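Below is one structure, written out as structure tokens, with a few remarks after it.
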Amino acid sequence: MCGRYYVNNETAREIEKVLQYVDEKLKQQSMINVKKIAAKDIHPTEQAPVLAGKSGSVYCGWQRWGFPGFQGKQVIFNARSESAMQKALFRDSICHSRIVLPAAWFYEWNLKKEKNTFYRQDASALFMAGCCRQYEDGAHFVILTTRANASMEPVHDRMPLILEQNEIVPWILNDQRAAGILHKTPCLLKRKSEYEQLSLF
């Protein structure tokens, strides 16, 4: 799962690279939104920068993380990629409103409540697949998760669905490509933790 992640100036620069070849009008508005990015942790219910589709192109906007839940103040901030198409809450969003969440890294806690940071060693940003839907106060998004790969398994059995850079636009705009991406295995990530345990042999 993913319950908190971090964005910074490098995240903004990576978004700018994705936007190099998009529609000029959308690019101008997108760059205004990119400039709003400040180094900070993103928590559920907060606004975050997203890459989304509009008029056959990609733009950067801001949306709120989490669908309103069914009980009081409950917030649904993740959706399982394997079963999202079978859930009424997510089906239409997966079909028509796919987005990408850029981040420098994300956090996960193990069973001992120890915080771990996951990031890409080969890039300064990672891109998480998501989907969104409209509510009275604007667009809200969830992050899609999948079964953990070998780099994530020591900490948690789920992880965000990480996209390669060449999968960002197809995920957002190409329905056929997106169907395949939905079931991919994410790349291996690097991990650092605040409390590395020492083993005695």
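Computed values, structure above
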read-out: Relative contact order (%) - criterion: Cα under 8 Å, at least six apart; region: the chain; value: 22
read-out: Neighbourhood charge, 11 Å Cβ-Cβ cut-off, centred on residue 85 and excluding it, Lys, Arg +1 and Asp, Glu -1; value: +1
read-out: Rounded to the nearest 20 debye, dipole of the chain from Cβ charges on Lys, Arg, Asp, Glu; value: 180
read-out: Reach of residue 54 by Cα under 24 Å, taken over lysines that are not fewer than 8 positions away in the same chain; value: 17, 25, 27, 35, 36
read-out: DSSP-loop chymotrypsin sites (Phe, Trp or Tyr not before Pro) across segment 33-127, with at most 13 other Cβ within 10 angstrom; value: 70
read-out: Principal-axis tilt of helix 9-18 within the chain, Cα atoms, nearest 10 degrees; value: 50
read-out: Per-residue HN-Hα couplings for segment 46-52 [Karplus 6.51, -1.76, 1.60; θ = phi - 60°; Hz; x = Gly/Pro]; value: 8, 6, 8, x, 9, 9, 9
read-out: Cα Rg, Dmax, the chain, angstrom units; value: 16.5, 62
read-out: Where segment 54-185 is the region considered: accessible area per residue in Å², 1.4 Å probe; value: 49
read-out: Residue 110/residue 20 FRET efficiency (R0 35 Å; Cβ-Cβ; nearest 0.05); value: 0.35
read-out: ³J(HN,Hα) computed for each position of segment 54-62 - Karplus, 6.51 cos²θ - 1.76 cosθ + 1.60, integer Hz, glycine/proline x; value: 7, 6, x, 9, 10, 9, 9, x, 10
read-out: Nearby aspartates and glutamates by direct alpha-carbon distance to residue 112 (threshold 13 angstrom, same-chain neighbours under 8 apart not counted); value: 194, 196
read-out: Crossing angle, helix 24-34 versus the chain [Cα axis fit, 0-90 degrees, rounded to tens]; value: 40
read-out: Carbon/sulfur fraction of accessible area - segment 21-163, other protein chains in place, 1.4 Å, %; value: 51
read-out: Estimated 222 nm signal from helices in the chain, with DSSP H stretches of n ≥ 4 weighted -39500 (n - 2.57), rounded to 500; value: -6000 deg cm²/dmol
read-out: Cut-off under 5 Å, modelled amide H: who pairs with residue 99 long-range; value: 130, 131, 132
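The values are calculated or read from the model by the stated rules, or taken from the named source; none is laboratory data. Treat the numbers as computed from the prediction; the structure is a model and nothing was measured. Backbone-built Cβ (ideal geometry, glycine too); neighbour counts: all protein chains shown. Keep in mind that these areas ignore ligands, DNA and RNA; they rest on the heavy atoms of the full protein, side chains included. Shrake-Rupley method; radii C 1.70, N 1.55, O 1.52, S 1.80 Å.
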